[in-house]
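A quick write-up on the structure given underneath.
The values are calculated or read from the model by the stated rules, or taken from the named source; none is laboratory data. A quick note: this is a predicted structure, and the numbers were derived from the prediction, not measured. Every residue, glycine among them, receives a Cβ derived from its backbone with ideal geometry; neighbour counts consider all protein chains shown. To get the accessible areas, we keep the full protein, side chains included, count just its heavy atoms, and leave off ligands, DNA and RNA. Shrake-Rupley method; radii C 1.70, N 1.55, O 1.52, S 1.80 Å.
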Amino acid sequence: MAARIGLVKQLHCALLKTKLSALSAGIRRCSALSNSESHKEFTSKRVRRKFIEFFKEGYEHRFVPSSAVRPRGDATLLFVNAGMNQFKPILLGCPDPRSEMASYRRVVNSQKCVRAGGKHNDLEDVGKDVYHHTFFEMLGNWSFGDYFKVEACAMAWSLLTEEYGIPADRLYISYFSGDAVNGLPADEETRQIWLSMGVRPDHVLPFGMKDNFWEMGETGPCGPCTEIHYDHIGNRNAASLVNADSPDVVEIWNLVFMQYNREVNGSLRPLPQCSVDTGMGLERLVTVLQGKRSNYDTDLFTPLLCAIHQCSKAPAYQGRTGEADVGQVDMAYRVVADHIRTLCVCIADGVYPGMTGAELVLRRILRRAVRFSTEVLQAPEGALASLVPTVAHILGEAYPELHIESERIIDLINQNEVQFLSSLKQGRRVIDRTLCNMDKDSTVFPASVAWSLHRNLGFPLDLIDLMLEEKGKMVDKKEMTVLENEYEKLRFQSEEDNGNRVDQLDLHSLAELQSQGVPYTDDSQKYCYSLGSDGQYVFQPCRASVLALYCDGSLVSEVSEGQRCGVILDRTSFYAEQGGQAHDQGFFTKDGLQDVLFPVKSVRLAGGYVVHQVTAAETLRTGDQVQLHLDEASRLGCMVKHTTTHLLNFALRELLGPSVNQRGSHCTASRLRFDFSVKVQGLSDCLSDLIISRMSNTSVCACLKGSLSVSELQQVEELVQHVIRQNAEVHVEEVPLSKAKQITGLRTIDEVYPDPVRVVSVAVPVSDLLNSNTTEQASVELCCGTHLLRTGAIRDFVIVSERQMVNGISRILAVTGDEAKKARETGQALQEELESLAVQVGAASSLSIPAAQMLSKEVGLLMNAVEITPIPQWQRRELQTRLKAMQKTSNTTIRKLEIKEAAFKAKELLVKHSNKRVVVDLIQTESISVLMKTVLQLSKSTPDSMVMLLSHLQLSGKVLCACQVPKGSASGSAIKWAHSVCARLGGNADGSTDVAKGVGNAASLTDITDILHWAEEFAQNKIRKAS
């Protein structure tokens, strides 16, 4: 046995040497091409370019541009936080087989990454040291079922030591040492690869699961990794400092070998296809190549630090940390430099500061940057946005969207800065008020107030701590932890609810289906429908065979009644949810059991297979024949809404210009949602005004488009309705993706499109668009959705809501057909009700106060109805404007009537109580406002008197109380007087030393008489004591 094992090892080593020898020859050829450049200065741009060219030109890797930092179709992430995120469909075995991604074998790129919020969160560490960042670039190369460990290690070593010229003796290698608990052996193969390449044995070090076993998440592809570490000092053995959190020895490249899949039960299973996923932070690599010890000393940051210094009142950046950084000035430099990069990249990719998810995290980043900029660096308002061109200059070559979106980024930062500075003032008032109401001996500030400031006003928690520390107070940390945990629990539950989807095929089941030759689902019949002679849509019937059943995480041949399962058919007419369109509804019937229905709960795509989620109503087996019954009304509703969405997108662009960008959409049978952003035209003029305003301390102009005006809403509706009335033909054609992208006016979004791709055009044939045979403007988009054949079926269109989700992004909700007609009719009814109320409000001056108050209440109820009822949004805006004016008029009328009544009552009381030092009496009114006004009128006529008036509301038993004492009087306080009286009536009061009001309860008039005497005696006693 020992001899056999020895022979196997010898054969493995021989094979390894042969492989390395062949690879080294290729590496030498590649290196010879660039040797003349090896001594040039390594700028960050050149380092990035060199990495991509090395793999692209030397090893036939496909360059794939960075995806946006907003994850594409991945609800588990707030931001893209690793290079592999956009390739997860490949690693999980479920890319669309028709997409370009399905053909990827070797890939290289530089991925924009953000680590702030969620599992990987570096936000609070940024600024404290010289290497943490919220935004960074991940250089990476991938192999999807192509090369593996030998090639990956050899290429990495060649790039670092030969292309970048890093001394080999400064590099240390870590590899996986194995794990007995998981039954994993040491990765001796990787160790041997490094040794055979000439790496010294004392530079190849074993580490366990924590450091050298990479996992995507709690489940999914994973495997051992080998990391390359760099010693900044050199000329020593630094093996003991590897993975020891030493700033002198840092990891620069991680090579992950995807060999296993972590199952739901925690076990590990070998993957059907091994992959390589490598990641190297550009910032750290540039730091090494430029001979620096801090990322912030490289050309990725030094221009920013210089720009910050020029617009602030702080001394120049000196790179200090910890206690040496007096006043946290250098920390502030690092925070602002890091955060402005993150803000620019996120906003350019369509993530705007907001109140939930990634938008909320970005809001916190922006506000943290504003705080350090204005409070620590003493930079003027607007300084943060002035750094945007510098960021675009540094990163724009790799990410041109930063140049394109610079103006939008500047506007959003400026708007949010103004809002935050206003919130700071409001928050300080809340803190001061809370401190005033606290027991003077207490040092613990209520966590509920701190949490409210943090969640609602965006107050950074560390700022709250600093403000309280100045006043000798601190937040109750235990209570704060409870509140944070409750919030996280609710958020997690919400994510779970959102993630409660169809039983998705796991990686092994997908591989098993492919190995068994199970064909991808033919879903072309979802497009098989026509218009009948009666003008009604006719959907072709669909019969199918059950090819596979997926239940409880594995493929099965049979499911029993009551079991929930995923059903894969050879063909389907059901639309799987994608492209912003909801999945189809309907049911199956099985041959021989036509009266037993298998309702389809949801439909999803998984790697070319359409998975129908079904709860079995009877035994279902692979091979069974089924008839698919589509809910035609629901499908037609989705078709109407999807085609209307295209028309809406087109109308917005026609009206507002080409800067309109779709930010998301969703169509169901009942309504459509469309999110978009747009910049106003003439923005350069607006920016000039902005610069002038900074110089003259005038207000900031906002250049981002806000909500649509009434006129714009009407015009958008009319543009869509015009195409509906035309009953225009909807043209659909499958064309090669490269050809489709050449169509003038084509609208695309950040999606992975199949190739060939469906082009959907309204009114103009796709062939004319491809051949440029028309100058007519048309709605044309790449779309996999189901659409109408003619637009007339939409019948009507109404925008029922349009509002700003966050600054710069608007959301439209719209309805069609009967719902649109109903919205118009409801709007007309509310319009008529308003006209009737307007007449009454105009004549309200002749009413009694109760009648005028009732009329005001009716105006308020109509305002609420207009706010929540589905009606045309343009009409809602008009009605709201008029109702606000009516409410103001009504309130003015009531106030005048109250003043008139108060004057009359005060005149009567003046006659009754002339020359009295204390006036206490009972009057009849149901309004605390009238009571207070009467007190003020009476006090004005008798300025030296203490006045208190009560009113008894006999139906409710309540007693209203109002009082005033002479200003600066030594006879007592109005609030104490009112509080004492109301307390005897079981109530309370508030106010000031001069004026107060309150409420209590009295069972009878006798009680009122008693309290009147008591109140007068109370005041008389105060006067006697004062004299």
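In whole percent, and with a 1.4 Å probe on the protein chains, what portion of the accessible area of the chain is carbon and sulfur?
Working: 23590 of 46570 Å².
The C+S portion of the solvent-accessible surface of the chain is 51 percent.
Centre-to-centre, using Cα atoms only, segment 300-349 and segment 418-479 are separated by 26 Å.
Over all directions, how big on average is the projection of the convex hull of the alpha-carbon atoms in segment 374-442, in square nanometres?
6.6 nm²
Computed over segment 932-1027, the P(r) curve from all C-alpha pair distances, binned at 5 Å from the origin, holds 3, 15, 26, 26, 18, 9, 3, 1, 0 percent per bin.
Once the mean of 1/r is taken over each pair of separate Cα atoms and inverted, segment 912-977 shows a Kirkwood hydrodynamic radius of 12.3 Å. Ranking L737, L195, L377 by how far each Cα lies toward the positive end of the dipole of the chain (charges on Cβ) leaves L377 at the top.
Looking at segment 192-285, the accessible area is 40 square angstrom per residue; that uses a 1.4 Å probe and ignores ligands, DNA and RNA.
Suppose we look only past 48 Å in the calculated P(r) of the chain. What percent of the Cα-Cα pairs does that tail hold? Here the tail beyond 48 Å accounts for 44 percent of pairs. The distance between label points at S1027 and S442 comes to 4.2 nm (points 7 Å beyond Cα on the Cα→Cβ vector). For segment 796-915, what does the alpha-carbon gyration tensor say about shape, rounded, prolate or oblate, given a ≥ b ≥ c as the root eigenvalues, a/c under 1.5 as rounded, and a/b over b/c as prolate? Prolate, since a/c reaches 1.5 and a/b exceeds b/c.
Modelled spin labels at A168 and T869, positioned 7 Å past Cα toward Cβ, are 8.2 nm from each other. Shape of segment 870-909 from its Cα gyration tensor (a ≥ b ≥ c, root eigenvalues): rounded if a/c is under 1.5, otherwise prolate when a/b > b/c, or oblate? Cα axes put segment 870-909 in the prolate bin.
I'd like the per residue volume of the convex hull spanned by the Cα atoms of segment 127-221, given in cubic angstrom.
Hull volume normalised by residue count: 175 Å³.
Go ahead and run the numbers for FRET between E751 and D675, Cβ-Cβ distance against an R0 of 22 Å, rounding to 0.05. Computed FRET efficiency for E751 and D675: 0.90. In units of the rule-of-thumb radius 2.2 N^0.38 Å, segment 326-370 shows an alpha carbon radius of gyration of 1.22. Dividing the Cα radius of gyration of segment 206-283 by 2.2 N^0.38 Å, with N the residue count, gives 1.28. Each Lys or Arg adds one and each Asp or Glu subtracts one; over the other residues with Cβ under 13 Å from the Cβ of I871, this totals -3. Looking at the chain, which longest stretch skips every one of the GluC sites (Glu not before Pro) that is in a DSSP loop with at most 11 other Cβ atoms within 10 Å, leaving the sites themselves out? It works out to 219-560.
Rolling a 1.4 Å probe across all protein chains gives L746 an accessible area of roughly 30 Å².
Placing +1 on the Cβ of every Lys and Arg and -1 on the Cβ of every Asp and Glu, with no other charges, gives the chain a dipole of roughly 2740 debye about its Cα centre.
Accessible surface for R790 stands near 90 Å², nearest 10, in the context of the full protein assembly shown (1.4 Å probe).
With a threshold of 19 Å on the Cα-Cα distance, the over-threshold entries among K526/K641; K526/K601; K440/K1022 are K440/K1022.
Bridgeable aspartates and glutamates around K907 (alpha carbons under 18 Å apart, same-chain partners fewer than 8 residues away excluded): E898, D921, D944. Seen against the Cα atoms of the chain and their longest principal axis, helix 849-868 is set at about 10 degrees. Checking the Cα-Cα distances for K112/K478; K56/K741; K821/K884; K912/K1025; K292/K478; K425/K473 against a 30 Å cut-off, the pairs over it are K112/K478; K292/K478.
Pairs spanning more than 22 Å between alpha-carbon atoms, out of K88/K149; K679/K822; K896/K976; K905/K940: K679/K822; K896/K976.
Quickly estimate the mean residue ellipticity at 222 nm for the chain, helices only: each DSSP H run with n ≥ 4 gives -39500 (n - 2.57), and the total goes over all residues, rounded to 500.
Value at 222 nm, helices only, nearest 500: -13500 deg cm²/dmol.
Given in Å, the Rg to one decimal and the Dmax to the nearest whole number for the Cα atoms of segment 710-837 are 18.1, 61. With all protein chains kept in place, the per residue accessible area of segment 621-679 amounts to 32 square angstrom at a probe of 1.4 angstrom. Given a 1.4 Å probe and the protein chains as shown, Y399 ends up with an accessible area of around 10 Å². In segment 89-182, the alpha-carbon atoms span a convex hull of 205 Å³ per residue. On the beta carbon distance between A180 and T43, with R0 = 56 Å, the FRET formula returns roughly 0.75.
If you roll a 1.4 Å probe over the heavy atoms of the protein chains, what accessible area per residue do you get for segment 773-825, in Å²?
For segment 773-825, the per-residue accessible area is 40 Å².
With R₀ set to 25 Å, the beta-carbon distance separating K896 from D994 gives a calculated FRET efficiency near 0.50. Rounded to the nearest 20 debye, the dipole magnitude of segment 866-961 is 260 debye, with +1 charges on Lys and Arg beta carbons, -1 on Asp and Glu beta carbons, and the Cα centre as origin. When only the Cβ of Lys, Arg, Asp and Glu is charged (+1, +1, -1, -1), the dipole of segment 834-888 relative to its Cα centre reaches about 160 debye.
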